[in-house]
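Input: a single structure, listed below in structure tokens.
The values are calculated or read from the model by the stated rules, or taken from the named source; none is laboratory data. Remember, it's a predicted structure, so these values are computed and weren't measured experimentally. Glycine gets a Cβ as well: all are built from the backbone with ideal geometry, and neighbour counts include every protein chain shown.
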Amino acid sequence: MKSAVITFPGSNREGDVIRALHQASGAEPLKIWHQDHELPQGTDLVVLPGGFSYGDYLRCGAIASRSPVMDAVRSHAAKGGLVLGICNGFQILVESGLLPGVLMRNAGLKFICKMQHLKVCRANTPFTSAYKKNQIIKVAIAHGEGNYIADDETIAMLEDGNRIAFRYCDAEGDTEKGNPNGSINSVAGIYSKKLNVLGMMPHPENLIETLVGGTDGRGLFASITAHKGAA
Amino acid sequence: MKARVTVTLKNGVLDPQGKAIEGALKSFGLEGIESVRQGKIFDIELNSSDPAEAETLLKAAAEKLLANMVVENYRIEILG
């Protein structure tokens with residue numbers, strides 16, 4: 001599997017996601033600078049990593065979403081290529097129009113950095129086949145602007161289209177009690193219509209070693225690898 | 001030519017920062033404050049002297065970058 005990890009000024013989780021992808025696939029992902037106009041030939045997966053691109057100036061992800069490389073990411077997505085945006089990467093995806101809605105300031109106004117349970121809403125996607133439907137996993141969250149909001153019509157479209165990827169929940173799977181940031185319907189991640197673009201606030205790339213908190217994040221990278229291997 | 005673009009949240013969009021500021025103002029005992037919504041102001045200098053041209057340019061700037069049209073509105077003022 002050939003993956004490209006885009007680095008923006010202020011990205012800081014690219015090393016973590018490169019490590020997770022390397023662990024799962026055995027292949028070393030390529031690092032792409034945001035000023036590049038093209039993706040490497042044969043790229044299967046593009047990752048927009050977490051961090052604070054452009055210092056979160058203006059709005060989180062707003063300036064990064066207008067970078068030269070984003071046109072290449074857009075055409076990669078339009079051709080059905082896989083795109084994964086984590087945390088700031090999710091914010092960049094909604095700002096670029098690749099995913100609907102917007103990520104507002106957390107309802108409690110605080111930056112939240114903690115372990116968080118998630119419910120895997122569906123397992124029949126390129127990103128989640130290694131999980132079971134409704135499986136509860138524990139990963140990390142670290143964000144100040146993760147409060148997912150969209151108009152009623154968009155939310156209905158996402159819900160009816162089965163496009164919610166993950167919901168925040170507590171250890172028992174209660175999505176209302178486990179919502180850390182005020183997101184509508186406890187949304188933690190969403191898919192594009194064709195399920196080839198995934199944006200999520202939590203950090204699966206940080207939960208890939210028993211030594212540092214657990215391995216519940218491995219499934220995401222194993223799923224992508226299995227999908228591309230089978231293709 | 002100088003211009004100002006003001007970006008504000010659309011009605012109905014929850015503004016936690018505005019709410020916090022509103023709460024702080026009320027806690028000072030300032031009477032008569034109903035509600036607070038926070039926004040952003042961009043003061044922009046242009047090399048054009050044609051107001052119509054400036055308006056078109058600023059509209060593009062606002063819609064391409066300054067405002068997220070999903071949740072925000074913008075207003076353009078030509079200051080002369």
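Worth a mention:
- Test: residue B:71 is within 14 Å of chain A (Cβ to nearest Cβ), within 14 Å of residue A:59 (Cα to Cα), surrounded by 11 or more Cβ atoms within 10 Å (Cβ to Cβ) and modelled with pLDDT under 95: yes
- The numbered conditions (1) of a type outside the set (A, V, I, L, M); (2) over 22 Å from residue A:21 (Cα atoms); (3) more than 12 Å from chain B (Cβ to nearest Cβ); (4) out of contact with any helix residue (DSSP H, G or I) (no Cβ under 9 Å at 6 or more places or on another chain) are all true for residue A:159 except (4).
- Which numbered condition residue B:46 fails, given (1) out of contact with any helix residue (DSSP H, G or I) (no Cβ under 6 Å at 6 or more places or on another chain); (2) in contact (Cβ under 8 Å) with a residue 24 or more places away in the chain: (1)
- Scan of the stretch A:174-200 for residues that are of a type in the set (Ser, Thr, Tyr) and in a helix (DSSP H, G or I), ordered by number: A:186
- Residue satisfying condition, being modelled with pLDDT under 95 and more than 14 Å from chain B (Cβ to nearest Cβ), within set A:50, A:15, A:55: A:55
- Residue that is over 29 Å from residue A:155 (Cα atoms), in a helix (DSSP H, G or I) and either more than 13 Å from every other protein chain (Cβ to nearest Cβ) or hydroxyl-bearing (Ser, Thr, Tyr) (or both), where the choices are B:3, B:24, B:52: B:52
- None of A:165, A:171, A:140 is more than 14 Å from chain B (Cβ to nearest Cβ) and part of a loop (DSSP other than H, G, I, E, B) except A:171.
- Close pairs (7 angstrom Cβ cut-off, 6 or more residues apart or separate chains): within 13 Å of chain B (Cβ to nearest Cβ) in the stretch A:94-122, of a type in the set (Phe, Trp, Tyr) and buried (at least 24 other Cβ atoms within 10 Å of the Cβ) anywhere: A:101/A:148; A:103/A:90; A:103/A:148
- Single unsatisfied condition, residue A:64 versus (1) crowded, with 20+ Cβ neighbours inside 10 Å; (2) over 14 Å from the mean Cα position of the chain (by Cα); (3) away from chain B (no Cβ under 14 Å): (3)
- Scanning the stretch A:35-51 for residues that are part of a loop (DSSP other than H, G, I, E, B) and surrounded by 21 or more Cβ atoms within 10 Å (Cβ to Cβ) gives A:49, A:50.
- Considering residues of the stretch B:55-66 that are in contact with a helix residue (DSSP H, G or I) (Cβ under 9 Å, 6 or more places away or on another chain) and in contact (Cβ under 8 Å) with a residue 40 or more places away in the chain only, the residue nearest to residue B:39 (Cα to Cα): B:66
- Residues of the stretch A:79-135 classified as part of a strand (DSSP E or B), among the β-branched types (Val, Ile, Thr) and in contact with a helix residue (DSSP H, G or I) (Cβ under 7 Å, 6 or more places away or on another chain), total: 3
- Answer residue from the stretch A:123-137, given it is under 22 Å from residue A:24 (Cα atoms) and either within 14 Å of another protein chain (Cβ to nearest Cβ) or polar (S, T, N, Q) (or both) and is surrounded by the fewest Cβ atoms within 10 Å (Cβ to Cβ) among those: A:124
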